[in-house]
Amino acid sequence: MIAVVTGASSGIGWATAEALAKAGMDLIICGRRKERLDTLARQLSAMVNVLPVVFDVRDAEAVQSALGNLPADWQAVDVVINNAGNAHGRDPIQSGSLEDWEAMIDINVKGLLYVSRVLLPGMVERGSGHIVNIGSLAGKEVYPNGNVYCASKHAVDAITQGMRIDLNGTGVRVTAINPGLAETEFSRVRFKGDEAEAAKVYEGYRPLQPEDVAEVIAFAVTRPAHVNIADLLLLPTDQATSTIVDKG
Ligand code: NDP
Ligand code: 8X3
C-alpha cells in the first residue's frame, strides 16, 4: 500500500509516517522543510520505500505538479492523510491579522482540498482508497480567540462529511480524526516562535503526544475495506472541552 502524509516534517504527521511505516506502507511524505523530510526518509527507508516531496499546500499548481506527476510506481495512492495545517495567532476577531486568517484558510482548508482533488480521481477509478482528514476539537466547538482557526476546522468537518456523501458507492473511505490538545510544534507556530507562551499550553496536565494520535490514524487505515471509522474525537484524559482542562 502507498500512503501520502502531508505535514510529515513535524508533530502528528511525522509520528503518523512512522506508524504507517511500521504497518508496512510505502510513504510519500510531504512538507515545505526538505531537510526534515530527508531525515525522516532516511530513518524510515530501512522499513519501507519512502518518497519525500516538497511543496507548499497553498500553491495549487505546486500541489498538482508534485502529486499529479508522481513516478509510475508511486501513482496508485491508497491512503491520504490530510494533516498539514496550523493555527496562526490567537487574537480576538476585532483585531485579527488578515495575514493569519489567510494562512489558516489557505493551508487548513484550501490546501486539503487541493491535495484531495489531485488524488481522488485515481482512487475512484481504482474503486478503493482512504482519505483521512485531520480535523480538531476546534472543528466541533469554538473557544475564545479561536475564531478563524475554529472556522477552518469546522470547514474541514463539513468537507469530510461532503466527501463521504459524494464518494459513497465508489469504495473510497473518508475518515475524520479530531484531536484535542497535542504537544507538537503547533503552539510555537500559533504564537510565532514565543516559546514561553507556547510551553504554557501544555503545562500542568498531560497532553496527547503525536504518537497517541498516530496510533489511532494507523488503526483507522488498517481496518478491513468494509469498515470506515467515520469520525473520531481523541482527547487527553485531562481535557473535557476546549476550555475545560484540569491543570491540577
Ligand atoms: P506541527 O506544527 O507540529 O506540524 C504542522 C505540519 O504542517 C508541519 O509538518 C508543516 O510542515 C505542515 N505545514 C504547515 N503549513 C504548511 C504549508 N503551507 N504547506 C505544507 N505543509 C505545511 O503541528 P501538528 O502536528 O500539531 O499539526 C498537524 C495537524 O493536526 C494540523 O492540521 C493541526 O491543525 C491538527 N491538530 C493539532 C492539534 C494540536 O493540539 N497539536 C489538535 C488538533 C488538530 P512544513 O512547515 O515543513 O511545511
Ligand atoms: C488544535 C487544538 O485546542 O489549540 O486544534 O484548538 S486547539
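With the chain treated as a Gaussian network of Cα nodes joined by springs under 10 Å, which of Ala214, Ala66, Ala84 yields the largest mean-square fluctuation?
Ala66
For segment 2-234, take the alpha-carbon Rg, divide it by the Kirkwood Rh, and send me Rg/Rh.
Using Cα coordinates only, the ratio equals 0.95.
Cut-off 10 angstrom, C-alpha nodes, Gaussian network model of the chain. Which of Gly122, Gly139, Gly11 fluctuates the most?
Gly122
Multiplying the sequence separation of Arg42 and Ser128 by 0.36 nm and subtracting their Cα-Cα distance, what value in nm do you get?
28.0 nm
Along Cα→Cβ, 7 Å out, is where each label goes; now give me the distance between the ones at Glu211 and Ala23 in nm to one decimal.
About 1.8 nm, to one decimal.
Taking the Cα-to-Cβ direction at Asn69 and at Ser95 and moving 7 Å from each Cα, how far apart do the two end points lie in nm?
Each label point is offset 7 Å from its Cα along the Cβ direction, giving 4.6 nm.
Size of the dipole of segment 2-234 about the Cα centre, Lys and Arg at +1 and Asp and Glu at -1 on the beta carbon, nothing else charged, in debye to 20?
Once rounded to the nearest 20, the dipole reads 300 debye.
Expressed as a whole percentage, what fraction of the accessible surface of segment 2-234 belongs to carbon and sulfur atoms when a 1.4 Å probe is rolled over the protein heavy atoms?
On segment 2-234, the fraction of accessible area on carbon and sulfur atoms equals 51 percent.
Kindly report the accessible area of segment 10-163 per residue (heavy atoms of protein chains, probe 1.4 Å, no ligands, DNA or RNA), in Å².
44 Å²
Lys and Arg at +1, Asp and Glu at -1: add these up for the other residues within a Cβ distance under 10 Å of Val221 and post the number.
+1
With no solvent and one equal point scatterer placed on each C-alpha of segment 190-248, evaluate the Debye formula and give log10 I(q)/I(0) for q = 0.17, 0.25, 0.30 Å⁻¹, two decimals.
-0.74, -1.07, -1.21
The values are calculated or read from the model by the stated rules, or taken from the named source; none is laboratory data. Since this is a predicted model, take the numbers as computed values, not measurements. When we count neighbours, we look across all protein chains shown, and the Cβ atoms used for this are built from the backbone with ideal geometry, even at glycine. When the accessible area is computed, the model is the full protein with side chains, heavy atoms only, and any ligands, DNA or RNA have been set aside. Shrake-Rupley method; radii C 1.70, N 1.55, O 1.52, S 1.80 Å.
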